[in-house]
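Take a look at the structure set out below.
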Amino acid sequence: MGCFLTESGPYTIGVLISGSGTNLQAIIDQCALGNVPASLAFVASNKASAFGLERARQSGIPAFHISTKTHGSQQAVETEIFRLVRLYHVQLLCLAGYLKKVSSWLIERMPHQIINIHPGILPFMGGDGLYGHHVHERVLELGLKISGVTIHFVDEQYDHGAIIAQECVPVLPEDTADTLAQRVLALEHQLYPRVISLFARNKIRLEGRKVFIDD
Ligand code: GRF
């Protein structure tokens, strides 16, 4: 896959998943095409059956099942993730459908280096219980005309960290949660690699809760 050398070596990312890994695939593809100047060092999933692990392996990326089943406690899970972060010199940890809450222990060790993608417009369509399909169902229930994607820093609260990027899709009158999910997911696949590319090119600056993109 594409690997870009900077003065200090390649910009290196890790990805955490729990499921299908279509966002992971978009990141793998855009790295391979050279559109994201980064090297994907490892993928970890808390679910052994996550198809994303298979996607990673097919691309020759080290892929690990790390869960309380394999490692005991959630602290031991995060200790193992952080061991991999250090082993591979990972500079950015990208959550892509990772369904476990990241604890303050890991956040403190990787300040402003953990980001997440959310299939809705935060802060309105997020928080406890508003993840995955629940977001799209709520958007339809409320009769909203737009939905979208948010990429944000991870902090101690669900869906709460500073917002890095946000883009919208229309909600159409005939939409079901499935059709809306597909439209949002297609946008996710565009936006996540673009944001990772900005990180890799050192274009993201955080001041308080405000993110500036110096592109
Ligand atoms: C995406 O919708 C993402 O926003 C959410 O979980 C989903 C993961 O999908 N956090 P995939 O595994 O990347 O296909």
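The values are calculated or read from the model by the stated rules, or taken from the named source; none is laboratory data. Keep in mind it's a predicted model, so treat the numbers as computed, not measured. In this analysis, Cβ positions are derived from the backbone assuming ideal geometry, glycine residues included, and neighbour counts consider all displayed protein chains.
Quick rundown of the values:
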| quantity | calculated |
| --- | --- |
| Qualifying residue in region 129-149 (condition: under 14 Å from the mean Cα position of the chain (by Cα) and either more than 13 Å from the ligand (Cβ to nearest atom) or at pLDDT 95 or above (or both)) | yes |
| Qualifying positions in region 36-73 - out of contact with any helix residue (DSSP H, G or I) (no Cβ under 8 Å at 6 or more places or on another chain), within 16 Å of the ligand (Cβ to nearest atom) and part of a loop (DSSP other than H, G, I, E, B) | Lys47, Ser49, Ala50 |
| Residue within region 174-185 that is within 23 Å of Pro111 (Cβ to Cβ) and touching a helix residue (DSSP H, G or I) at 6+ places or on another chain (Cβ under 8 Å) present | no |
| Residue among Tyr98, Tyr158 that is modelled with pLDDT under 95 and within 27 Å of Val43 (Cβ to Cβ) | Tyr158 |
| Residue in region 98-116 that is within 11 Å of the ligand (Cβ to nearest atom) and touching a helix residue (DSSP H, G or I) at 6+ places or on another chain (Cβ under 9 Å) present | no |
| Helices (runs of 4 or more DSSP H) within region 104-215 that include 1 or more residues touching a residue at least 60 places away in the same chain (Cβ under 8 Å) and either of a type in the set (Phe, Trp, Tyr) or more than 21 Å from Gly14 (Cβ to Cβ) (or both) | 177-200 |
| Selected residue (criterion: farthest from Leu84 (Cα to Cα)) from residues of region 12-22 that are surrounded by 24 or more Cβ atoms within 10 Å (Cβ to Cβ) and either aromatic (Phe, Trp, Tyr) or within 14 Å of the ligand (Cβ to nearest atom) (or both) | Gly21 |
| Of all residues making up region 59-100, the number that are under 27 Å from Thr150 (Cα atoms), free of Cβ contacts under 8 Å to residues at least 40 places away in the same chain and small (Gly, Ala, Ser) | 2 |
| Residue identified as within 14 Å of the ligand (Cβ to nearest atom) and in contact with an Asp or Glu (Cβ under 7 Å, 6 or more places away or on another chain) among Ala165, Ala186, Ala177 | Ala177 |
| Filter pass, Pro62 being surrounded by fewer than 21 Cβ atoms within 10 Å (Cβ to Cβ) and within 25 Å of Ala165 (Cβ to Cβ) | no |
| Qualifying residue in region 74-96 (condition: assigned to a strand (DSSP E or B) and in contact with a Cys (Cβ under 7 Å, 6 or more places away or on another chain)) | no |
